[in-house]
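Have a look at the structure below before the remarks.
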Amino acid sequence: MGIHFNVWVVLLSFALVATAAYSALNLNAQVSGSNGKVRRIWLISGAFVLGSGIWVLHYVGIMASYLPFEVNYYPGRSILSLLVGVLFCYLAFHITSDTRLGVWRLIVGGILLGSGISAMHYIGLFSLRIGAKVYYDVWTQGAAVALVVVSAYLGLLMFYKFKACAGRMDYQDSLTELPNRHGLEHYFKNEFFGSRSGAVFFVDLDRFKSINDTLGHDIGDMLLQEVAVRLIRSVRDKGKVFRLGGDEFLIALPDCTLENAQLEAERIMHELKRFYRIQGNELYVTASIGISMTPLHGTDRSTLMKAADTALYTSKDSGKNKFSVFDQEANRHQLRRMSLEKDLRKALARSEFMVVYQPKWDSYMNVTVGLEALLRWRHPEHGIISPAEFIPIAEETGLIVPITYWMLHDVCCQNKFWHKEEIANVPVSINMSARMFEDGSLYDVVAEALTCSELEPHFLELEITESIAMHNMKETVAQLSRLRMLGVRVSLDDFGTGFSSLGNLDEIPVNTLKIDQVFIRNSKMHSKKAIISNIIAIATHLNMEVVAEGVETPEQIELLKSLGCRVMQGYYYGRPMPVHELGEWFIANTAAS
């Protein structure tokens with residue numbers, strides 16, 4: 001008498017148990033990230049899904065068979081087989097879900113799971129109520145149980161191997177094989193906060209972008225791999241190294257004092273600045289490091305990372321290739337800077353900028369011969385923000401370009417208005433940023449402002465610094481030459497404080513040299529007096545005008561006049577004034593002269 005099966009029902013039973021196994025193992029994967037009551041809920045859920053799936057496989061398999069006799073079940077025994085299956089699945093998951101998973105735990109888990117499947121199977125058979133007697137071959141059944149146990153072990157082994165591999169992909173950076181941000185979160189959650197004090201380093205490579213842009217990303221990637229090796233070698237077993245992304249790394253030293261952290265930072269910087277030989281290229285990079293300490297600067301990961309990041313900015317701002325420890329004052333400065341940057345992006349649209357004007361005075365004729373336009377920011381909360389504070393932010397973010405566009409139009413229109421009203425008839429100078437020369441559109445911008453305002457070009461003067469003149473000198477000179485041909489005047493600001501060569505001065509198309517106020521302030525010193533005299537002599541020989549900045553005393557005026565400088569600018573003659581005050585100042589000084 002043979003037994004036949006419905007193939008489609010058999011396949012259905014396989015599909016059901018496969019779905020149950022997949023769901024159960026997915027539920028079990030949640031266990032590693034939980035503990036306590038939540039952990040038990042995940043374990044029970046996974047055990048119930050897998051146990052019931054195997055139980056369904058057993059009974060659907062029986063349904064798939066065509067038996068020559070009637071089959072009924074004992075309900076109590078059937079339910080008992082289900083509970084036994086769920087219990088053994090729970091025990092197997094509980095044993096193998098421990099973070100210290102080893103071979104023995106997997107073996108025990110495999111035995112429990114295999115035994116549970118076998119026990120459920122035989123209890124299920126015992127629940128059958130049939131009109132025939134069933135005989136079992138002990139050796140065959142024993143081999144079947146052994147096969148089930150081995151299969152269960154191999155199944156668990158494959159699952160946890162795959163889980164470990166996926167975990168490495170989630171928690172490990174593929175390029176350097178260092179732990180990534182996910183690994184960082186896991187480390188801080190489980191390992192870092194155990195000692196009395198600890199240090200967090202933010203490490204950022206200096207000049208990495210230029211290497212990437214010049215030699216290509218492949219060389220850059222190999223450089224990052226070598227940096228990772230050196231960091232691991234430097235830290236050894238004292239802590240852990242993570243890659244945050246790009247050229248940023250984080251080092252966690254869980255048992256470290258501030259003094260030791262500073263020594264460690266010096267050692268790391270020394271190790272990283274040694275040359276790298278990559279595919280025949282000899283590369284040199286340095287690193288800037290920001291340090292935060294626990295519990296001094298914070299007792300959680302987010303606070304410590306934010307503090308270390310702030311300290312890193314301090315290192316970058318102070319010249320790079322340095323380390324800085326988090327400082328609350330520096331943090332306040334950084335927060336204010338971030339706040340100003342955010343507000344600066346809206347300031348132009350909100351009409352928060354204003355222009356003030358400082359007169360340039362001819363000391364021989366006692367008349368105003370020019371004005372310098374200076375930008376001011378009226379912040380709705382902080383009041384007047386110093387240009388020394390917001391101009392560097394505008395330069396860095398590129399916002400200086402639209403701000404300068406606006407200022408050019410405003411100044412040209414204002415100067416044209418003074419001409420029409422016969423209030424003043426002098427050129428006005430505006431400071432130019434290096435950013436304005438980058439895309440070659442400065443000529444068009446200036447020409448547009450002059451056209452819109454109908455101001456004659458010789459009533460506009462652009463002030464540039466020596467550093468702007470010397471940066472990409474050929475292109476800068478070409479743009480300035482076009483502006484000079486248009487009729488716009490050009491002056492070289494802060495002369496004597498930059499790094500230009502006197503040999504190039506005659507190549508730069510400028511009308512005026514402005515002597516920096518640092519020389520005027522210390523003009524009693526013989527050396528400063530000699531420098532002032534030489535600047536005036538150079539300008540005279542090159543047919544350039546001279547303006548002395550920062551004039552505040554009669555003694556300075558007499559000295560400058562004796563050296564041949566006639567045009568001066570400073571608080572002695574007038575502070576920077578808004579438009580409404582400047583009109584009154586013009587009237588008063590015209591009457592006085």
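Hey, rough spin-label estimate for E558 and H217, points 7 angstrom out along Cα→Cβ, what's it come to in nanometres?
6.9
For I107 and H379, FRET efficiency with R0 = 56 Å and r from the beta-carbon atoms, rounded to 0.05?
The calculated FRET efficiency here is 0.20.
If each residue of separation counts as 0.36 nm, what is the full-extension length gain between N190 and K320 once their alpha-carbon separation is subtracted?
Taking N190 through K320 to full extension adds about 43.5 nm, to one decimal.
Give me the distance in nm between label points sitting 7 Å out from Cα along the Cα-to-Cβ direction at Q225 and S386, one decimal.
My value for the distance between the label points is 4.9 nm.
Nearest 0.05, what FRET efficiency do E329 and T451 give at R0 = 35 Å with Cβ-Cβ as r?
0.10
Among 371-377, 358-364, how do they line up by average Cβ neighbours within 10 Å per residue, starting with the highest? Mind dumping the intermediate values first?
Numbers: 371-377: 21.4, 358-364: 19.4.
Per-residue Cβ counts within 10 Å, averaged per peptide and sorted highest first, yield 371-377, 358-364.
Neighbouring Cβ atoms within 10 Å as the yardstick, rank S288, S234 fewest first.
Lowest to highest Cβ neighbour count: S234, S288.
Efficiency by 1/(1 + (r/R0)^6): what FRET value for S441 and M473, r their Cβ-Cβ distance, R0 = 22 Å, to the nearest 0.05?
It comes out at approximately 0.70.
If I model a spin label as a point 7 Å beyond the Cα along the Cα-Cβ vector, how far apart are those points for R233 and T540 in nm?
Roughly 6.3 nm, to one decimal.
For segment 400-508, which trypsin sites (Lys or Arg not before Pro) are both in a DSSP coil and crowded by at most 15 other Cβ atoms within 10 Å?
When the trypsin sites (Lys or Arg not before Pro) of segment 400-508 are filtered for loop state and at most 15 Cβ neighbours within 10 Å, nothing remains.
Which value, in Å to one decimal place, does the Kirkwood hydrodynamic radius take for segment 210-311 when every pair of different Cα atoms is included?
Computed over Cα pairs of segment 210-311, the Kirkwood hydrodynamic radius comes out at 14.7 Å.
The numbers here are math on the coordinates, done by the rules we state, and not lab data. Since the model is a prediction, treat every value here as computed from it, not as a measurement. Backbone-built Cβ (ideal geometry, glycine too); neighbour counts: all protein chains shown.
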